[in-house]
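Novice: I have a structure here, written as structure tokens, and I will follow up with some questions on it.
Read-outs: derived from the displayed coordinates by stated rules, not from any lab. The structure presented is a predicted model; accordingly, all values stated were derived computationally and were not measured. Heads up, the Cβs are rebuilt from the backbone with ideal geometry, glycines too, and the neighbour counts pull from every protein chain shown.
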Amino acid sequence: NAGVTQTPKFQVLKTGQSMTLQCAQDMNHNSMYWYRQDPGMGLRLIYYSASEGTTDKGEVPNGYNVSRLNKREFSLRLESAAPSQTSVYFCASVRASGSGAYTQYFGPGTRLTVL
Amino acid sequence: AQSVTQLDSHVSVSEGTPVLLRCNYSSSYSPSLFWYVQHPNKGLQLLLKYTSAATLVKGINGFEAEFKKSETSFHLTKPSAHMSDAAEYFCVVSDPTSGGSYIPTFGRGTSLIVHP
């Protein structure tokens with residue numbers, strides 16, 4: 001049981017290049033999330049997918065697109081990378097219990113540098 | 001609308017002394033509240049969560065937090081700090097959306113420094 005996995009772990013891009021960050025979970029969770037983490041800012045939500053086939057913008061969606069490929073996989077794409085997108089990116093998924101309580105599980109992160 | 005404020009960006013303690021990390025929240029509902037820990041260059045690990053059951057919540061590694069509705073606070077405590085507790089701590093609040101999904105809001109984090 002791998003939990004939430006992310007690839008790659010590290011990436012260096014030049015301004016204007018594109019790339020896709022991959023995320024997969026094997027816990028049969030319905031909801032998945034992409035966050036970015038910057039020093040002193042906590043984690044900010046980029047996009048989320050409440051269920052397979054749906055995606056919604058979070059707090060900081062500009063410059064990003066997402067695809068919920070199936071229940072397991074949720075990818076984040078940078079079409080034209082900018083230095084402001086230098087950050088650590090975390091994927092997460094949620095298990096919700098019948099009482100409405102939930103637990104969010106995080107991947108190990110992708111450290112992206114845009115030159 | 002929900003929000004969370006971690007009142008200290010850094011907290012410094014000596015090993016063996018108590019730890020207090022402060023968190024205030026704002027929520028339109030009866031919220032779910034969480035504390036996560038992040039060790040250097042690692043992912044996030046759930047320490048504990050409050051979801052409208054007991055107001056004193058016990059977590060892993062000896063941490064606990066008390067939900068105080070009147071003060072809109074959810075402070076994290078530990079009786080005796082260990083060197084291994086040095087990390088970044090995040091307080092998180094989440095209200096349910098009308099669609100039944102969960103959109104957490106993270107605090108900016110508190111860096112816990114533990115001196116020998």
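Novice: Report the full-extension gain for the segment A:L115 to A:V88: residue separation times 0.36 nm, less the Cα-Cα distance, to one decimal in nm. Working shown, then result.
Specialist: On the way: separation 27, 0.36 × 27 = 9.72 nm, distance 1.47 nm.
Contour length minus Cα-Cα distance gives 8.3 nm.
Novice: Which whole number of Å³ per residue matches the convex hull of the alpha-carbon atoms in chain B? Write down the numbers at each step before the final one.
Specialist: Working: hull volume 11.4 nm³, N = 116.
Output value, Cα hull per residue: 98 Å³.
Novice: Something else about it: Sequence-distant or interchain residues sharing an amide H contact under 5 Å with A:V66, placed H: which?
Specialist: A:R77
Novice: Simple spin-label model, 7 Å along Cα-to-Cβ: A:T15 to B:S111 in nm?
Specialist: 2.8
Novice: Moving on. Using θ = phi - 60° and the Karplus form 6.51 cos²θ - 1.76 cosθ + 1.60, what ³J(HN,Hα) does each residue of the range A:41-48 get, whole Hz, x for Gly and Pro?
Specialist: Residue by residue, the range A:41-48 yields 10, x, 9, 10, 7, 8, 8, 9 Hz.
Novice: Right, next: Which value results for Rg/Rh of the protein assembly as shown when Rg is the Cα radius of gyration and Rh the Kirkwood radius based on the inverse mean 1/r?
Specialist: Details: Rg = 17.7 Å, Rh = 18.2 Å.
Looking at the protein assembly as shown, the ratio lands at 0.97.
Novice: Roughly what would the spin-label model give for A:S67 and B:N41, points 7 Å off Cα along C-beta, in nm?
Specialist: About 3.2 nm separates the two model spin labels.
Novice: Can you give the extra length, in nm with one decimal, that the chain gains between B:H82 and B:D8 once fully stretched, where that is 0.36 nm per residue apart less the Cα-Cα distance? Before the final figure, lay out the partial values.
Specialist: Details: separation 74, 0.36 × 74 = 26.64 nm, distance 1.94 nm.
Length gained, B:H82 through B:D8: 24.7 nm.
Novice: At 0.36 nm per residue, and after removing the present C-alpha to C-alpha distance, how many nm does the segment from A:E79 to A:T5 gain when stretched out fully?
Specialist: Numbers: separation 74, 0.36 × 74 = 26.64 nm, distance 2.20 nm.
Extending this stretch completely gives an extra 24.4 nm.
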